[in-house]
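One structure below.
The values are calculated or read from the model by the stated rules, or taken from the named source; none is laboratory data. Predicted model, so just to flag it, every value in this text is computed and none were measured. With ideal geometry, Cβ positions are generated from the backbone for all residues, glycine too; neighbour counts draw on all protein chains shown. Areas reflect the complete protein model, heavy atoms only, side chains present, ligands, DNA and RNA absent. Shrake-Rupley method; radii C 1.70, N 1.55, O 1.52, S 1.80 Å.
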Amino acid sequence: MPTEQLINELQSYGVRLVDPKAGHESRRGGAGPSDHKAMTIDGMTVMVPVHTAPAFESPYSVEKPDERGRSRVNRDGVPLGEVSFPVRPRFYDLATADGVPYWKIAVLHGRDVLATTVLQTCIRYRSRTKTCQFCAIGQSLAAGRTIARKTPAQLAEVAKAAVALDGITHMVMTTGTPPEHDRGAAVLTESAAAVKAAVALPIQGQCEPPDDDAWFSRMKAAGLDALGMHLEAVTPEVRARIMPGKAQVSLVRYLEAFAAAVPVFGRGQVSTYILAGLGDTKEAILEVSEKLIALGVYPFVVPFVPISGTPLESHPPPLPAFMHEILQPLALMLRAAGLRAIDIEAGCGKCGACSALSTYERGAAT
Ligand code: SF4
């Protein structure tokens, strides 16, 4: 089976782990996609759902790893290939002077990405009617797996250690949306400045479009190398249904913000996350992606993962064929425009672990 097809299958259906302790701690709860475990397949490290309802019924299983950390992946008991698990990062064993474990401040994503949610609270998360239906930002906080606010000094300390001990090559800073008009740009700015003062590490910031485009220059000057403003869904009806609070910032405003941000960060350094499987048609996703690519924005399309405990926990993930029908033409569009995941300085598009898109890109390039 081609690698991109296997990744689509694993990300849609999830896997059953014969040994639940295989690999290091998985992401549970938190902002954005979650309930995954990182696995490396054919040189690509991808996030595969292991704690979702579909994963418990998945035809795919991963056997207990051998002493070198390698496991066989099976479909209905028939071996298909080999996967391995990234080792537990060493920075997870450290704590700040006041006793906060580093893993509550930032975590390893994929193979070499340090990820943090600077503010673990969000104005969109307060009421059930406004919350983004796919998001679990409050769950990891309620479970004590993180802290509500990571200070710039804490982030700098953890980033420095993660680079020195674990070879981290870039960092993702996302944030819940605060009640201010900057929609998180200010906390990302101060956090990036502190990290950059401590260690030379490319950083992507992720927030909603701020009210004032002047924030883009401030963020860039502070040390953010790339910016993500995440549409999540692309048609107004789907946005209003799935994320009634966040949809108050219109698609028109997102497109304006992208057009203002690209000249500041550079072509291909501004990206957006699009969750396929929430109701948008493939035609709608490809149509918006075409507009974004024309603006110089990298549309990172990922399969929706139904996170346990969220209102969408029973919503089915997209079928592998649906992802294939989006990612294959999208990779060709990106190639024609000269936008490549590997040219992104930092962030989700560069990491690529939540989607098979970069694997399709590699195929489109040959
Ligand atoms: S693509 Fe983004 S959210 Fe997914 S593992 Fe990589 S950094 Fe984390």
- When only C-alpha pairs under 8 Å and at least 6 residues apart count, what is the relative contact order of the range 172-291, in percent? 25 percent
- Note on the structure: Among Leu17, Ile344, Ile105, the residue whose Cα sits farthest towards the positive end of the charge dipole of the chain (+1 at Cβ of Lys and Arg, -1 at Cβ of Asp and Glu, taken about the Cα centre) is Ile105
- Query: With a sphere of radius 10 Å drawn around the Cβ of Asp182, what net charge do the other residues whose Cβ falls strictly inside it have (Lys, Arg +1; Asp, Glu -1)?
  - Reply: -2
- Sort out for me the Cα centre separation of the range 221-266 from the range 296-366, rounded to whole Å. 17 Å
- Note on the structure: Measure of exposure for Glu361: accessible area at 1.4 Å probe, Å² rounded to 10, is 30 Å²
- Message: Only four residue types carry charge here, +1 at the Cβ of Lys and Arg and -1 at the Cβ of Asp and Glu. Report the dipole size of the range 182-261 about the Cα centre in Debye, rounded to the nearest 20.
- Response: 140 debye
- Item | Nearest-20 debye value, the range 106-160 charge dipole, Cβ charges on Lys, Arg, Asp, Glu | 260 debye
- Message: I need the fraction of alpha carbon pairs in the range 151-221 separated by more than 20 Å, rounded to a whole percent.
- Response: 28 percent
- Please give, to one decimal in nm, the separation of the simple spin-label points placed at Ala284 and Thr169, each 7 Å out from Cα toward the Cβ. 3.6 nm
- Not counting the cut sites, what is the longest span of the chain without trypsin sites (Lys or Arg not before Pro) that DSSP labels loop and that have at most 14 other Cβ atoms within 10 Å? 129-366
- In a Gaussian network model of the chain with springs linking alpha carbons closer than 10 Å, the residue among Tyr298, Tyr60, Tyr13 that fluctuates most is Tyr60
- Across the Cα atoms of the range 171-281, what radius of gyration and what greatest pairwise Cα-Cα distance (Dmax) are found, in Å? 14.0, 44
- Query: In deg cm²/dmol and to the nearest 500, what is the mean residue ellipticity at 222 nm of the chain if only DSSP H runs of at least 4 residues count, each as -39500 (n - 2.57), divided by the residue total?
  - Reply: -10000 deg cm²/dmol
- Message: Can you give me the orientation-averaged projected area of the convex hull built on the Cα atoms of the chain, in nm²?
- Response: 16.4 nm²
- Message: Just to be sure I understand the model, the point goes 7 Å from the Cα along the line to the Cβ. What's the resulting Asp93 to Leu295 distance in nm?
- Response: 4.6 nm
- Non-local amide H neighbours of Ala276 (under 5 Å, H modeled in plane, Pro and chain starts lacking H): which ones? Val302, Phe304
- Message: What's the whole-number percent of alpha carbon pairs in the range 1-160 lying beyond 25 angstrom?
- Response: 37 percent
- Query: Between Asp212, Asp166, Asp112, which gets the highest mean-square fluctuation from a Gaussian network model of the chain, Cα cutoff 10 Å?
  - Reply: Asp212
- Charged-residue dipole, Cβ positions (Lys, Arg, Asp, Glu), the chain about Cα centre, Debye nearest 20: 560 debye
- Query: In the range 318-366, carbon and sulfur make up what percent of the accessible area (probe 1.4 Å)?
  - Reply: 59 percent
- Which GluC sites (Glu not before Pro) in the range 121-201 pass both tests, a DSSP loop state and at most 13 other beta-carbon atoms within 10 Å? Glu180
- Per the 1/(1 + (r/R0)^6) rule, R0 = 25 Å and r from the Cβ atoms of Asp343 and Thr129, FRET efficiency to 0.05 is 0.05
- Message: For the chain, give me every cysteine whose Cβ has no other Cys Cβ within less than 4.7 Å, ordered by residue number.
- Response: Cys122, Cys207, Cys348, Cys351, Cys354
- Message: Tell me the net charge near Cys132. Cut-off is 9 Å between Cβ atoms, Cys132 excluded, with +1 for each Lys or Arg and -1 for each Asp or Glu.
- Response: +2
- Query: If the cut-off is 23 Å between C-alpha atoms, which lysines fall inside it for Lys220, apart from same-chain ones fewer than 8 positions away?
  - Reply: Lys150, Lys160, Lys196, Lys350
- accessible surface per residue for the chain, probe 1.4 Å, DNA/RNA/ligands not counted, whole Å² -> 39 Å²
- Message: Which three extents, in angstrom, do the Cα atoms of the range 290-366 have along their principal axes, listed largest first?
- Response: 39, 26, 22
- Among Gln248, Gln269, Gln206, whose mean-square fluctuation peaks in a Gaussian network model of the chain (Cα, cutoff 10 Å)? Gln248
- Three-way shape label, the range 240-341, alpha-carbon gyration tensor, a/c 1.5: oblate
- Query: Top to bottom by accessible area (1.4 Å), largest first, where do Leu94, Leu332, Leu327, Leu251 land?
  - Reply: Leu332, Leu94, Leu251, Leu327
- Task: Sort out for me the Cα centre separation of the range 170-215 from the range 83-104, rounded to whole Å.
- Result: 23 Å
- Message: I need the shape label for the range 56-142. Rule: rounded when a/c is under 1.5, else prolate if a/b > b/c, else oblate, with a, b, c from the alpha carbon gyration tensor.
- Response: oblate
- Given Val262, Ala95, Val302, which one lies farthest toward the positive end of the charge dipole of the chain, if we put +1 on the Cβ of every Lys and Arg and -1 on the Cβ of every Asp and Glu? Ala95
- Query: Phe265: accessible area at probe 1.4 Å, nearest 10 Å²?
  - Reply: 10 Å²
